[in-house]
Amino acid sequence: MNFTRWSARLPRTQRRNAARADRGARRPKPAATAGGGSVPAARGERADPSGRGEPPAAAPSDAAPPDAVPTLDGLSVHDLLGQVPALVAVVYGPEHRIAYLNDTYVELFGSRAPGTPARQALPELTELGLLPLMDQVLRSGKPRTVKSRRVPAGGQATTPGPRQEGAAPGPGRSRHGYYTFTCSPIEMAAPRVVAPAQQADERAGEGAVDGSPVDGSPMDGSIREAALRKDVMPEAVATEAVTTATATATATGTVTEPVRGVLVFGADVTDQVESAERLRAGERLQREAAVTLQRSLLPQELEQPDDLRVAATYQPGGTDAAVGGDWYDVITLGAGRTALVIGDVMGRGVRAAAVMGQLRTAVRAYARLDLPPHEVLQLLDGLAAEIDPHQIATCVYAVHDPNENRLVYASAGHLPILVRDPDGTVRRASEPTGPPLGTGGWLHTTGSVPLGPGASAVLYTDGLVERRDKDIYDGVAALERVFAGATGSPQVMCDRLIRALGITAEHDDDVAVLVLQHPARTGHDAELFHNAALELLGGVEAAPRARAFASGVLASWRFPMELRDLGVLAASELVANSLQHGTPPMRLRLRRTDRRLIIEVTDGDEHLPRRRRAEPVDEAGRGISIVATIASSWGSRRTPGGGKAVWCEFALPTG
């Protein structure tokens, strides 16, 4: 129902418009001033625009006289609301009966019969969840707003029930839309009660108007108009509505209270919502690409050493597209030794991830040299300065040797390693053994911490323990408490540490965690891990003793004859090489795991052997080549106390 074209037919409207025209005809015309200007004569205008009592500036002699400021007296609420390009609905009473719907609302949802409860005639308000909000507004008298409610194509919130009988359906939208609805409390003048004879006289004098309330009582057009203007027109108009209602009620001898209602205003925010959604979709794509880049630089599958169980997890921080520079790695060094690495490049973005990828690649290359941890960090320090002098990174490089049951490490400004003993005691490794990578001018050193059977250790980045409102070492202390009670497999422990420290998808920093366990083996598992060692005193009898020792040990371990012969040959060649080029003390060590046989010879000389091509006339130089040919892998390294170790490995047959 469109009230706009009926506003002139409401009771007393014609007489009010005629009175306005008569007042306008009697208003004095603007008088010309000496300067050729004019003084505004419209109602409500001031001679002093500044309001400070200063005389107005003289207008130029050639300036045209200003026009009178137009007023809003000739506009009705229906005229204003009918032209607003937004959804406007006015309801009244506890049942939210329809009082007015503007053209935009009718075009979207269709027309409705006035006076019908909104729950029956306006099912879209129910689907949009506005009726409970309107109840709150009616009770509290305070406006409420809900943002970006979706209206599907066709103008239906979802699938509402049957329309009210007699309500014409609207054309709806050709595409989905979004609206922000504001529900404001208003007061409408109550319909005046008049005698039937007076009502008949008014209808006969001005024409019947189909604008009466549901109960059949007519409503004065000026009262209805002024009431609907409240909260959308100036305060003076709202005061006029209440005053007119009071005067009318007094004239008829009946005092009525204003009717409370709700003005529902829906602004179309479809373009803003769709733009924001496109922006979020673009950010999601960028973030997915960035996270894919970050994860591609991390190891796709961790190497699983024979003597350790390891697991790691990485969680990118925040919801933006910027990735961090956290990384981790597990590198098997041979002879049962394992290198464990974790690091963090300061800053965020693709540049930090690129630096991280280069450092991780360099760590794996340096690890193949089987250097001590502090020498690896020394090389990384110079490389980090060459890659980007403005990027600083922290790193921990640790090596576990099952023969020594210790974790030897070097730390470049990184957080301390935590080690939990079999009895549940958590120990914190000593402070970093050097400054962060890229600072230069510092000699890193090596530390160690026991890691025997049954012990566990955790390496982590600062995103796990750092919070903006707390000291970082408070977070480390919290991690110690959680780590002391964490049990299960390494992967389960990683997940528990992440959850216990409150790391969620919205966490604002990247998190990398690496957990390792040195399991205590018993029963059948213990039978698969053995060690045997022989001290070599030198002399001509050392080589025959080594061959006899290796043959007996391999036979007791029930290896196949072919593997036993290859193991004896490799032990003989390594011992002969040590006798010829090394110095005492010398030792032969044989070790078996569930997957490989390891043969290692140590001596006191630091000169590392290398494989070379022997000429046909050479009488020596073929020992290392023979070992490299028959073994799965071989290598050499310098030992911490001076000297070297040369080793080789044989893969055990499955089963």
**Request:** Just grab the label-to-label distance for residue 405 and residue 505, each label 7 Å out from Cα along the Cβ direction, in nm (one decimal).
**Result:** 4.5 nm
**Request:** Quick one: which residues, 5+ away or cross-chain, put their amide H under 5 Å from the amide H of residue 643? H built at 1.01 Å from N.
**Result:** 606
**Asked** So for the pair residue 629, residue 477, with labels modelled 7 Å out along Cα→Cβ, what separation do we get in nm?
**Response** 6.4 nm
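Let me know the charge dipole size of region 550-655 about its Cα centre in debye, to the nearest 20, where only the beta-carbon of Lys, Arg (+1) and Asp, Glu (-1) is charged. Don't skip to the answer; put the middle values down first.
Numbers: 16 positive and 12 negative charges, 81 e Å.
So the dipole magnitude of region 550-655 works out to roughly 380 debye.
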**Request:** Return the carbon/sulfur percentage of the accessible area of region 531-655, one whole number, probe 1.4 Å, all protein chains in place.
**Result:** 51 percent
**Message:** So if each residue of separation counts as 0.36 nm, and I subtract the Cα-Cα distance between residue 113 and residue 561, what length gain in nm does that give?
**Reply:** 151.3 nm
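If you take the beta carbon distance between residue 279 and residue 605 as r and set R0 to 56 Å, what does 1/(1 + (r/R0)^6) give as a FRET efficiency, to the nearest 0.05? Could the numbers behind the result be given before it?
Numbers: r = 67 Å, r/R0 = 1.19.
FRET efficiency, residue 279 to residue 605: 0.25.
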**Request:** Pop out the ³J(HN,Hα) list for region 295-305 in order, Karplus 6.51 cos²θ - 1.76 cosθ + 1.60 with θ = phi - 60°, rounded to Hz; leave Gly and Pro as x.
**Result:** 5, 5, 7, 8, x, 6, 8, 6, 5, 10, x
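What does the charge count around residue 426 come to, taking other residues whose C-beta lies under 11 Å from its C-beta (Lys +1, Arg +1, Asp -1, Glu -1)?
On the way: positive: 420, 427, 428, 481; negative: 421, 423, 480.
Here the count lands on +1.
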**Request:** Return the sequence-ordered ³J(HN,Hα) values of region 397-402 in whole Hz as given by the Karplus equation 6.51 cos²θ - 1.76 cosθ + 1.60 applied to θ = phi - 60°, using x for Gly and Pro.
**Result:** 10, 10, 10, 9, 10, x
**Request:** Could you list which residues have their amide H under 5 Å from that of residue 189, counting only those 5 or more apart in sequence or on another chain, with H placed in the peptide plane?
**Result:** 227, 259
**Complete:** Residues other than residue 526 with Cβ under 13 Å of its Cβ, Lys/Arg counted +1 and Asp/Glu -1, net out at -2
**Request:** Using amide H atoms built 1.01 Å from N in the peptide plane, name the residues 5+ places from residue 317, or on other chains, whose amide H lies under 5 Å from its own.
**Result:** 324, 510, 511
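Name the shape class, rounded, prolate or oblate, that the alpha-carbon gyration tensor gives for region 477-526, where a ≥ b ≥ c are the square roots of its eigenvalues, rounded holds for a/c under 1.5, and otherwise prolate holds if a/b is larger than b/c and oblate otherwise. Walk me through the intermediate numbers first.
Values: a/c = 3.28, a/b = 2.37, b/c = 1.38.
Here region 477-526 falls in the prolate category.
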**Prompt:** residue 468 label point, 7 Å along Cα→Cβ, cut-off 14 Å on backbone N: hits in region 274-299?
**Reply:** none
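The values are calculated or read from the model by the stated rules, or taken from the named source; none is laboratory data. What you see is a predicted model; the values in this text were computed from it and never measured. With ideal geometry, Cβ positions are generated from the backbone for all residues, glycine too; neighbour counts draw on all protein chains shown. The area values use the complete protein model at the heavy-atom level, side chains included, leaving out ligands, DNA and RNA. Shrake-Rupley method; radii C 1.70, N 1.55, O 1.52, S 1.80 Å.
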